[in-house]
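Down below is the structure, laid out as structure tokens.
The values are calculated or read from the model by the stated rules, or taken from the named source; none is laboratory data. The model shown is predicted, which means the values in this text are computed figures rather than measured ones. Backbone-built Cβ (ideal geometry, glycine too); neighbour counts: all protein chains shown. For the accessible areas, the whole protein counts, side chains as well, though only heavy atoms, and no ligand, DNA or RNA atoms are used. Shrake-Rupley method; radii C 1.70, N 1.55, O 1.52, S 1.80 Å.
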Amino acid sequence: MVNYTVGQLAYLKIFFHAAKHPHLQVNGVLLGKKVSETVEIIDAVPLLHHWTSLSPMMEIGLDLARRHAESLELQLVGYYQACERLDDTALAPVGERVASKVKEGFTHAVALVIDGDKIGSPDNAALIPYLAQSPSSSWRPYSDAGTAVPFSSGSSFSLSPPDLPARAVSLVRDQQLQHKFGDFDDHLEDVTIDWLRNKAAMTFDIQE
């Protein structure tokens, strides 16, 4: 079984994206690499907050994100989304399509859906992983063998470092960094927004 680790940069970008648009659907892609039997999710690129379908703009954003990943010697390893309703944790049909496109280039691709009811809790990752099921290739929520909950002790999914939810809450509450964060939609309205790197919002020390 392949393990998945979500690093600080990736987690905080996902969190900032959802925090900036709490009542909208948001989505993006995950950047990383496979090391031995672990997929390291290192970074994230936010795509859109105005989307309902796999639009030409989303296709362009995906291509630009893929090129950005290659420039960092990484690859697209997954997809993430938050739904409009807090209690909706389903991977949207367009999300399945984007995740499947990512999977074409990375066999162990994962989709992460933000749990709107739990986001903001300092001790909960608030991420629900989806994996493609063989042979149908349909995407289903992942559950570990036994009783381990994803992102809990003993799970195949982990955060590095483990206290990322608490740090994310602090950065949003105390520094309001989500307001400095921009996605591809924002970039289309203001080309000065650095949606690929988001350096303006990443004004904190990276912890290992």
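Before moving on, here are some points about what is shown:
- In percent, rounded to a whole number, the relative contact order of segment 66-155 is 22, using alpha-carbon pairs under 8 Å and six or more apart.
- Distance between segment 75-121 and segment 158-186 - C-alpha centres, whole angstrom: 18 Å
- Under a Gaussian network description of the chain, with springs only between Cα atoms under 10 Å, the residue in SER137, SER100, SER152 that fluctuates furthest is SER137.
- Taken about its Cα centre, the chain carries a charge dipole of about 200 debye when Lys and Arg each add +1 at the Cβ and Asp and Glu each add -1 at the Cβ.
- In this structure, HIS23 and LYS180 have a Cβ-Cβ separation that, at R0 = 22 Å, corresponds to a calculated FRET efficiency of about 0.70.
- Distance violations [Cα-Cα > 23 Å] among LYS33/LYS103; LYS33/LYS118; LYS33/LYS180; LYS103/LYS199: LYS33/LYS118; LYS33/LYS180; LYS103/LYS199
- Computed E for MET1/SER71 - FRET, C-beta separation, R0 25 angstrom, nearest 0.05: 0.20
- What a 1.4 Å probe finds exposed on the chain is 50% carbon and sulfur by accessible area, rounded to a whole percent.
- Using only alpha carbons, segment 1-114 has a radius of gyration to Kirkwood radius ratio (Rg to Rh) of 0.94.
- Where the chain is the region considered: accessible area per residue in Å², 1.4 Å probe: 47 Å²
- Among the GluC sites (Glu not before Pro) found in segment 41-103, those both in a DSSP coil and sparsely packed, with 15 or fewer other Cβ atoms within 10 Å of their Cβ, are GLU73, GLU84.
- Working from label points 7 Å from Cα in the Cα-to-Cβ sense, the LEU54 to SER121 distance is 3.3 nm.
- For the peptides 24-35, 111-122, 185-196, the ranking by mean Cβ contacts within 10 Å, running from highest to lowest, is 24-35, 111-122, 185-196.
- Prolate/oblate/rounded label for segment 54-208 (Cα gyration tensor, a/c 1.5): oblate
- Based on C-alpha pairs under 8 angstrom that are at least 6 apart in sequence, the chain has a relative contact order of 23 percent.
- Counting DSSP beta bridges with both ends in segment 78-208, the antiparallel % (nearest 5): 65 percent
- Segment 27-91: relative contact order in percent, alpha carbon pairs under 8 Å with at least 6 residues between: 41 percent
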